[in-house]
Amino acid sequence: MTRGEGKKEVRVVAALIFRPGDDTRFLVQQRLPGGSRGLLWEFPGGKVEPGESEPEALVRECREELDIELRVGRRLWAGRHEYPDLTVDLTLYAASLESGEPKPLGAQALAFLTPPQMRTLPFCEADLPPLEALVAGRLGPLP
């Protein structure tokens, strides 16, 4: 499907957050049931609102949905995914916890997992390419 066919487009940011003290596990969340792509897994984050930078959106989303403060690092991956109902422009950033313990305020479940463990879960299609890049070590040096 090409642009301009009436499908909604969203710009989304996501965070690759290390487990404190363990640089082999990263935070992932399971979407709430009932909504679009319900119960699928994804990297934490959300939509970029008008007037926000991508890092600002990531900090806001993680504050609202996980009750944590983030330090956003470098951009790791960017791409576009076409769902039947939606086009997602997704950017993944390295991030670290500044404060707080993640709580599933806007998610069904949270887990700190290794990339191979993540591959065993049903992930949102838009998150699969950055997940595969992470598994293959193609994201470059991680913090």
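Residue-level check: of (1) over 13 Å from Trp77 (Cα atoms); (2) in a loop (DSSP other than H, G, I, E, B); (3) out of contact with any helix residue (DSSP H, G or I) (no Cβ under 7 Å at 6 or more places or on another chain); (4) in contact (Cβ under 8 Å) with a residue 40 or more places away in the chain, Gly106 misses just (3).
Applying the selection to region 13-58, what residues are buried (at least 19 other Cβ atoms within 10 Å of the Cβ) and in a loop (DSSP other than H, G, I, E, B)? Phe43, Pro44, Val48, listed by residue number. Taken together, the criteria exclude Ile17 from residues that are touching an Asp or Glu at 6+ places or on another chain (Cβ under 9 Å) and aliphatic (A, V, I, L, M).
Taken together, Ala126, Ala133, Ala107, Ala111 contain a single residue that is open to solvent by less than 30 Å² (accessible area, probe 1.4 Å), in contact with a Lys or Arg (Cβ under 8 Å, 6 or more places away or on another chain) and of a type in the set (Gly, Ala, Ser), which is Ala107.
The values are calculated or read from the model by the stated rules, or taken from the named source; none is laboratory data. Predicted, not measured: the structure shown is a model, and the values here were computed from it. When we count neighbours, we look across all protein chains shown, and the Cβ atoms used for this are built from the backbone with ideal geometry, even at glycine. What goes into the accessible areas is simple: the full protein's heavy atoms, side chains included, and nothing from ligands, DNA or RNA. Shrake-Rupley method; radii C 1.70, N 1.55, O 1.52, S 1.80 Å.
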